[in-house]
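Asker: There's a structure below that I have some questions on.
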Amino acid sequence: MGKQHSEVLVVFISGSSGSRFKTIGILGGMGPESTAELYLRIIKLFQKKFGAKYDDDYPEMIIYNLPIPDVVEDPTRMQDIRDMLVEDAKKLEALGVDIIGVACNTVDFFMPVMREAVSIPILSIIDEIREKVKRKEKVGILATEMAIKEGLFDSLGPELILPTEAQRKLLTRIIMNILSGRRYSDDASQINTMVKSMQDDGADLVVLGCTDLPLIYRRRKGVIDTIDILAEALVRESSRPGSKRGGD
């Protein structure tokens with residue numbers, strides 16, 4: 001989710017072409033390390049849920065590393081971001097995937113136009129979170145300033161606990177550190193302090209509403225990790241009964 005890179009990399013990671021699972025497409029690179037972590041968690045889920053052991057026990061997957069303009073520090077190129085997401089969702093569809101996951105909370109803002117552009121399902125992290133927080137009275141949100149400003153999480157509960165202005169600026173700095181490959185124990189401690197503060201204020205659940213945050217903040221009771229949320233949804237849909245595109 002940082003500054004734009006100079007090229008787009010398409011990575012093909014395939015199981016067996018005869019796999020019984022539907023082909024997963026991932027729009028990633030937002031940021032790159034959280035995309036890699038998403039892939040690893042999908043693999044772990046197939047091992048846990050389906051006893052995957054051999055290479056052909058896994059689904060075919062295509063990861064498209066999309067270097068969008070910055071949406072953390074300076075989210076000003078919204079039209080460019082929109083156009084890139086739509087274009088590359090179409091590319092994944094053309095490559096034959098059955099479902100698409102977008103490895104970023106913030107760009108869920110563009111989900112309606114992306115879904116209109118293709119004929120295959122695109123999973124929304126926000127929709128998946130909504131299912132997890134149903135019947136919760138108070139939900140805490142830790143996310144990018146853009147995601148909070150655009151109200152991406154407003155539908156998650158009757159009452160949201162949002163970070164203060166100072167906490168939002170701190171989260172921006174922490175996310176940029178993660179995107180730069182810098183891991184500081186103090187950053188993880190700061191996230192933990194924010195989580196605990198929200199829980200002390202009555203939050204039933206706290207959402208790590210940026211897929212970069214789980215890279216430094218390990219699971220804690222009452223915290224929703226949105227990498228896990230998307231991985232679980234992609235595995236669920238990949239294993240759902242029904243024919244693959246072009247299948248029997």
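The values are calculated or read from the model by the stated rules, or taken from the named source; none is laboratory data. Keep in mind the model is a prediction, meaning the values are calculated, not measured. All Cβ positions, even for glycine, are placed from backbone atoms using ideal geometry, and neighbour counts span all protein chains on display.
Asker: What number goes with the only condition from (1) out of contact with any helix residue (DSSP H, G or I) (no Cβ under 7 Å at 6 or more places or on another chain); (2) surrounded by 20 or more Cβ atoms within 10 Å (Cβ to Cβ) that residue 156 does not pass?
Answerer: With respect to (1) out of contact with any helix residue (DSSP H, G or I) (no Cβ under 7 Å at 6 or more places or on another chain); (2) surrounded by 20 or more Cβ atoms within 10 Å (Cβ to Cβ), residue 156 is out only on (1).
Asker: Further, regarding this structure: I'm trying to understand the selection: among the residues of segment 58-85, which are out of contact with any strand residue (DSSP E or B) (no Cβ under 6 Å at 6 or more places or on another chain), crowded, with 17+ Cβ neighbours inside 10 Å and modelled with pLDDT of 90 or more?
Answerer: Selection gives 58, 60, 81, 84, 85.
Asker: Scan segment 82-132 for residues that are basic (Lys, Arg) and closer than 22 Å to residue 150 by Cα and report the count.
Answerer: Number of matching residues: 4.
Asker: Looking only at segment 116-134, which residues are within 16 Å of the chain's Cα centre (by Cα) and under 15 Å from residue 94 (Cα atoms)?
Answerer: The first filter runs over segment 116-134 and keeps only residues within 16 Å of the chain's Cα centre (by Cα), leaving 121-132.
The answer is 121, 122.
Asker: Take segment 191-239 and flag every residue that is small (Gly, Ala, Ser) and in a strand (DSSP E or B).
Answerer: Within segment 191-239, just 209 meets the criteria.
Asker: Please specify each residue of segment 234-243 satisfying the condition of being surrounded by fewer than 19 Cβ atoms within 10 Å (Cβ to Cβ) and either at pLDDT below 95 or touching a helix residue (DSSP H, G or I) at 6+ places or on another chain (Cβ under 8 Å) (or both).
Answerer: The answer is 239, 240, 241, 242, 243.
Asker: Quick one: how many residues across segment 37-54 are part of a helix (DSSP H, G or I) and either at positive phi or of a type in the set (D, E, K, R) (or both)? Walk me through it before giving the result.
Answerer: First, pick out the residues of segment 37-54 that are part of a helix (DSSP H, G or I): 37-50.
Those left that are additionally either at positive phi or of a type in the set (D, E, K, R) (or both): 37, 41, 44, 48-49.
Counting residues in segment 37-54 that are part of a helix (DSSP H, G or I) and either at positive phi or of a type in the set (D, E, K, R) (or both) gives 5.
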